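What follows is a set of notes on a single structure, which appears directly below.
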Amino acid sequence: MEKVFFFFCVFSCWIMQITSSDLSAGGSSDVLRVRMGENIILNCSMIGRYEVAWFHLNSEQLNMLISAKKDKTGRRLQIKYNQNRTRLEITADSWVTGVSLTISGVTESDSGLYFCGTNSDAPEMHFDKPIRLEIEDEVTVTERVLMFGGVGLAVFVFFLTTIVAGGIIYHRGWQKGLKASKHGALMDQRSAE
Ligand SMILES: *[C@@H]1O[C@H](CO)[C@@H](O)[C@H](O)[C@H]1NC(C)=O
Ligand SMILES: *[C@@H]1O[C@H](CO)[C@@H](O)[C@H](O)[C@H]1NC(C)=O
């Protein structure tokens, strides 16, 4: 019985792993999963670059969110464009080697891919690995719990059935064996007579 429970645990853990990896369907982009209304911080390297812009791509359109340029001293960022000053803010470290974009109060429409593009003296823009933002609302969290619960229950029922079926087969086999031995004993008695 202990063995059965051990296998039950291993099997359900394995199933859970499969389902959870299915849920986090990520491609080559890093996934950032946050709740609705939370703030996010996106980071970008500015080493050897003088200009930065963030782009947001969703299924409908590609938008520039913000763009900024280092000033002559190279130690300050000047904002050139900001799509929404109330919720987008760009900050830099003291040597402007890294910049961060803070987006406050994310909503469903903020989900999608975020690209940070930077310019150096080369004519082309350089893009970092994109970040995929996924917004979780309470419903998706509940769905996940239900899904895990459902899978767990299915696995449990499967094992219970296996145990019961195994028990029946064993019991039948035992009864057959008993009958056979009884029969054998009878035959033995008869032959003795
Ligand atoms: C960017 O950096 C900040 C501070 O180090 C960190 O809290 C945040 O999670 C980073 N953002 C991403 C998308 O990794
Ligand atoms: C800017 O963001 C605020 C807060 O989310 C929103 O109420 C407002 O409509 C936005 N403005 C524009 C121009 O998108």
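Do you know which of the residues in region 85-102 that are farther than 23 Å from residue 38 by Cα and in contact (Cβ under 8 Å) with a residue 24 or more places away in the chain is surrounded by the most Cβ atoms within 10 Å (Cβ to Cβ)? Within region 85-102, the match that is surrounded by the most Cβ atoms within 10 Å (Cβ to Cβ) is 96.
Within the bounds of region 115-128, is there any residue that is in a loop (DSSP other than H, G, I, E, B), among the small types (Gly, Ala, Ser) and modelled with pLDDT under 95?
Filtering region 115-128 for residues in a loop (DSSP other than H, G, I, E, B) gives 120-124, 128.
Narrowing the set further to residues that are among the small types (Gly, Ala, Ser) leaves 120, 122.
Subset that is modelled with pLDDT under 95: 120, 122.
Yes, region 115-128 contains at least one residue that is in a loop (DSSP other than H, G, I, E, B), among the small types (Gly, Ala, Ser) and modelled with pLDDT under 95.
Against the conditions (1) farther than 19 Å from residue 135 by Cα; (2) touching a strand residue (DSSP E or B) at 6+ places or on another chain (Cβ under 8 Å); (3) within 14 Å of ligand 2 (Cβ to nearest atom); (4) of a type in the set (Ser, Thr, Tyr), residue 102 satisfies every one except (1).
Residues that are surrounded by 16 or more Cβ atoms within 10 Å (Cβ to Cβ) and either within 16 Å of ligand 1 (Cβ to nearest atom) or modelled with pLDDT of 90 or more (or both) occur at least once in region 22-32.
When region 50-61 is filtered for residues that are in contact (Cβ under 8 Å) with a residue 40 or more places away in the chain, under 15 Å from residue 111 (Cα atoms) and surrounded by fewer than 17 Cβ atoms within 10 Å (Cβ to Cβ), the ones remaining, listed by number, are 57, 58, 59. Of the residues examined, residue 82 is one that is among the polar types (S, T, N, Q), assigned by TED's automatic domain parsing to the domain that holds residue 125 and surrounded by 14 or more Cβ atoms within 10 Å (Cβ to Cβ). Only a single item in (1) within 16 Å of ligand 1 (Cβ to nearest atom); (2) surrounded by 13 or more Cβ atoms within 10 Å (Cβ to Cβ) is not met by residue 47, and it is number (2). Being of a type in the set (Asp, Glu) and at pLDDT below 75 holds for only one residue in 136, 193, and it is 193.
Anything in region 62-76 that is over 11 Å from residue 97 (Cα atoms) and either surrounded by 12 or more Cβ atoms within 10 Å (Cβ to Cβ) or modelled with pLDDT under 95 (or both)? List them, or say none. Hits for region 62-76 are 63, 64, 65, 66, 67, 68, 69, 71, 72, 73.
The values are calculated or read from the model by the stated rules, or taken from the named source; none is laboratory data. These numbers were taken from a predicted model, which means no experiment stands behind them. No Cβ is skipped: glycine too gets one built from the backbone with ideal geometry, and neighbour counts run over all protein chains shown.
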